[in-house]
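Asker: Here it is, the structure, as structure tokens.
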Amino acid sequence: MNILIFSWRGPGHPHSGGAEQSSHEHAVGWYKAGHKVTLFTSFFKGAKKEEYVNGIRVIRRGGQVFQVHLHAIFWYLFFPHPKYDIVVDEVHGIPFFTPFFVRAKKLVFIHEVAKEVWKLNPWPRPFNLIPALIGTLLEPLIFKLIYLKIPFMTVSRSTKKDLIGWDIPEENIVVIHNGFSNKPPVRQVKKEDKKTIIYLGALSKDKGIEEALKIFKLLFKTGKNWQFWVAGKGEPHYLKYLKRQVKEFGIEQAIKFFGFVSEREKYDLLSRAHILMNPSFREGWGLVVIEAASVGTPTIAYDVAGLRDSVQDGKTGLLSLPDPQNCVEKIRYLFQNEKLYCLLQKNCIKWSKKFSWEKSSRQSLNLVEKLTGKKD
């Protein structure tokens, strides 16, 4: 088969996250099965406009917001390219509107619907009201009016439920959980002497970093034998804002910002920490939850879409109300129950072994072959 993927971010993009990693892993799986895969994505400073990454042909045009979507339409309609058996329309808030210009078979790949995340956009006031209002209004209409007859692939039951709520037929939605590299580059090591909480992910409001700081502020008031590790990238101006908050909260002596970390350092930190804290407001799945589980580190997360799928409440972690005080109570409860903590650790290891990129890409390939009629 000849497969085309439209995605707003691709390999190497400075803001790529779990969704982009997932797309690439599926694409690599399809390539290894003998298919040709092209990824059309946004350009970023220092990137090549065209290159091959792990066998995938990557074409980069325009910026990640709006520009790449327009470039995709013009490139597909007016530039020479091979005939594609299927086109994957990857949605991150804004879809590529492929039903309007693609006649080939189509598949929508979506991690999560945006919903309340539109209101958590980083635009300065009062301009932040533009996506908050327009995005919230148009997102469900786009799905209801344009994508009702298009097959969907998503990563969790939570997202499937949201799509059904927007009139997408249940039979059109296939859930394929994200995999992960289930051979961590470090072994499970001894936990820190101090009670250690780690936040790992993009430093942005919708991912819950501000909630995490509020939670640790309340936690630190209960005793000084705590430390909080923050690992992940953020815009320089936003990182300065977060560090000002840390100082205002009076918790700077107990917090360390690691910035971007390598795969090895990531797993080392996850292994040494006692708990992964994930107070995100919405996720598609929560890849870092499974990564932490693989080294025996339970997660305490907000009970929201996606995280209620990747965290098995009471088995591999605990879910709290989307409220800092309730999250603090869950953290303290877990630290006071060693027997429960040890049980969660064992369950985490077992849970993580259920997932792999090989398994996920094999399932997605079966779906693609079925949709194109190429399946034997």
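Asker: Using a 7 Å offset from the Cα along the Cα-to-Cβ direction at both ILE142 and ILE73, what is the distance between the two label points in nm, to one decimal?
Answerer: Each label point is offset 7 Å from its Cα along the Cβ direction, giving 1.2 nm.
Asker: Taking neighbour Cβ counts within 10 Å as the exposure measure, how do TRP123, TRP351 sort from fewest upward?
Answerer: Details: TRP123 11, TRP351 20.
Sorted ascending by nearby Cβ count, the order is TRP123, TRP351.
Asker: Rounded to the nearest 20 Debye, what is the dipole magnitude of the chain about its Cα centre when Lys and Arg each give +1 and Asp and Glu each give -1 at the C-beta? Write down the numbers at each step before the final one.
Answerer: On the way: 57 positive and 36 negative charges, 142 e Å.
The calculated dipole for the chain is roughly 680 debye.
Asker: Just in region 90-140: which trypsin sites (Lys or Arg not before Pro) are loop by DSSP and have at most 16 other Cβ atoms within 10 Å? Could you put the intermediate results ahead of the total?
Answerer: Numbers: sites: ARG103, LYS105, LYS106, LYS115, LYS119; in loops: ARG103.
Here the sparse-neighbourhood loop sites are ARG103.
Asker: Could you grab the relative contact order for region 1-96? Cα pairs under 8 Å, six or more apart, rounded to a whole percent.
Answerer: It comes to 36 percent, rounded to a whole number.
Asker: For a footprinting-style exposure proxy, rank HIS24, HIS15 by other Cβ within 10 Å, fewest first. If you can, show how the numbers build up before the last one.
Answerer: On the way: HIS24 22, HIS15 14.
Fewest-to-most Cβ neighbours within 10 Å comes out as HIS15, HIS24.
Asker: Please name which of GLY306, SER356, ILE251 has its Cα lying farthest along the dipole of region 228-364 towards the positive end, using unit charges on Cβ (Lys, Arg +1; Asp, Glu -1) and the Cα centre as origin.
Answerer: SER356
Asker: Cα extents of region 1-116 along the three principal axes, largest first, in whole Å?
Answerer: 38, 30, 25
Asker: Between ASP193 and LYS49, what length in nm is gained on full extension when 0.36 nm per residue of separation is reduced by their alpha carbon distance? Don't skip to the end; give the middle numbers.
Answerer: On the way: separation 144, 0.36 × 144 = 51.84 nm, distance 4.81 nm.
Answer, rounded to one decimal: 47.0 nm.
Asker: Under the rule of at least 5 residues apart or a separate chain, name every residue whose amide H is placed under 5 Å from the amide H of TRP226.
Answerer: The list, which skips near neighbours in sequence, is empty: none.
Asker: Could you check what % of the DSSP bridge pairs in the chain are antiparallel, to the nearest 5? If you can, show how the numbers build up before the last one.
Answerer: Details: 5 of 50 bridges.
Just about 10 percent of them are antiparallel.
Asker: For the chain, modelled as a GNM with alpha-carbon contacts under 10 angstrom, which of GLU338, GLU112, GLU358 fluctuates the most?
Answerer: Largest GNM mean-square fluctuation: GLU338.
Asker: Report, in debye and to the nearest 20, how large the dipole of region 195-352 comes out about its Cα centre when Lys and Arg carry +1 and Asp and Glu carry -1 on their Cβ.
Answerer: Once rounded to the nearest 20, the dipole reads 420 debye.
Asker: Using DSSP to call loops (not H, G, I, E or B), can you name the chymotrypsin sites (Phe, Trp or Tyr not before Pro) in region 232-296 whose Cβ has at most 15 other Cβ atoms within 10 angstrom?
Answerer: On the way: sites: TYR238, TYR241, PHE249, PHE257, PHE258, PHE260, TYR267, PHE281, TRP285; in loops: PHE260, PHE281, TRP285.
Answer in residue order: PHE260.
Asker: Okay, moving on. When only Cα pairs under 8 Å and 6 or more residues apart are kept, what is the percent relative contact order across the chain?
Answerer: Numbers: 702 pairs, mean separation 57.0, N = 376.
The normalised contact order for the chain reaches 15 percent.
Asker: Averaging over every viewing direction, what projected area does the convex hull of the Cα atoms of region 324-376 cover, in nm²? Provide the component values of the computation, followed by the final result.
Answerer: Numbers: hull surface 24.8 nm².
Mean projected area of the Cα convex hull: 6.2 nm².
Asker: What list of ³J(HN,Hα) couplings, whole Hz, do you get for region 110-121 from phi and the Karplus terms 6.51, -1.76, 1.60, once you set θ to phi - 60° and write x for glycine and proline?
Answerer: Once rounded to whole Hz, the list reads 9, 7, 8, 7, 7, 6, 5, 5, 3, 7, 9, 5.
Asker: Subtracting the Cα-Cα distance from 0.36 nm times the residue separation, let me have the gained length for ARG57 to ARG362 in nm, one decimal. Can you show the working numbers first?
Answerer: Working: separation 305, 0.36 × 305 = 109.80 nm, distance 2.01 nm.
Contour length minus Cα-Cα distance gives 107.8 nm.
Asker: Tell me, what is the percent relative contact order of region 195-352, built from C-alpha pairs under 8 Å that lie six or more residues apart?
Answerer: Working: 285 pairs, mean separation 36.9, N = 158.
RCO, region 195-352: 23 percent.
Asker: Sequence neighbours fewer than 8 away in the same chain don't count; with that in mind, list the lysines whose C-alpha is under 23 Å from LYS346.
Answerer: Correct list for LYS346: LYS183, LYS190, LYS191, LYS194, LYS195, LYS266, LYS315, LYS330, LYS354, LYS359.
Asker: If you find the alpha carbon centre of region 246-281 and of region 124-154, how far apart are they in angstrom?
Answerer: 32
Asker: Using a Gaussian network model of the chain whose springs link C-alpha atoms within less than 10 Å, name the residue from ARG362, ARG60, ARG125 with the highest mean-square fluctuation.
Answerer: Maximum among the listed residues: ARG125.
Asker: Membrane-span-like helices in the chain: DSSP H runs reaching 15 Å or more (Cα, own axis), mean Kyte hydropathy at least 1.0?
Answerer: Details: long enough: 18-32 (21 Å, -1.17); 67-78 (16 Å, 0.97); 129-146 (25 Å, 1.87); 209-220 (16 Å, 1.08); 236-249 (20 Å, -1.14); 324-335 (17 Å, -0.33); 338-352 (21 Å, -0.29); 357-372 (22 Å, -0.92).
Helices meeting the span and hydropathy rule in the chain are 129-146, 209-220.
Asker: Give me the mean projected area, in nm² to one decimal, of the convex hull enclosing the Cα positions of the chain. Spell out each step's value before the answer.
Answerer: Numbers: hull surface 74.3 nm².
Across all orientations, the chain yields a mean hull projection of 18.6 nm².
Asker: Same structure again: Just add up the charged neighbours of GLY12: K/R +1, D/E -1, any other residue whose Cβ is under 14 Å from the Cβ of GLY12. Write out the running numbers ahead of the final one.
Answerer: Details: positive: ARG9, LYS45, LYS48, LYS49, ARG60, LYS233; negative: GLU20, GLU50, GLU51.
Overall, the nearby charge balance is +3.
Asker: Expressed in nm to one decimal, what extension gain is obtained for the pair GLN325 and SER262 from 0.36 nm per residue of sequence separation less their Cα-Cα distance? Walk me through the intermediate numbers first.
Answerer: Details: separation 63, 0.36 × 63 = 22.68 nm, distance 3.21 nm.
Here the answer is 19.5 nm.
Asker: Moving on to the next point. Any chance you could check the Cα centroid distance between region 297-376 and region 210-224 for me, in angstrom?
Answerer: Computed from Cα coordinates, the inter-centre distance equals 24 Å.
Asker: Continuing with this model, one more query. Enter the Cα centre distance for the pair region 95-112 and region 45-86, rounded to the nearest angstrom.
Answerer: 15
Asker: Compute a Gaussian network model of the chain, connecting alpha carbons closer than 10 Å, and tell me which residue from PHE74, PHE44, PHE355 fluctuates the most.
Answerer: Residue with maximal mean-square fluctuation among PHE74, PHE44, PHE355: PHE74.
Asker: First obtain the Kirkwood hydrodynamic radius of region 189-332 from its Cα pairs, then insert it into the Stokes-Einstein equation at 4 °C and 1.567 mPa s, and state the resulting D in µm² per second as a whole number. It would help to have the intermediate numbers written out before the result.
Answerer: Numbers: Rh = 14.9 Å.
The diffusion coefficient I find is 87 µm²/s.
We did not get these values from a lab; they are worked out from the coordinates using the rules stated. Worth saying up front: this structure is predicted, and the values here are computed from it rather than measured. Virtual Cβ from ideal backbone geometry, glycine too; neighbours counted across all protein chains shown.
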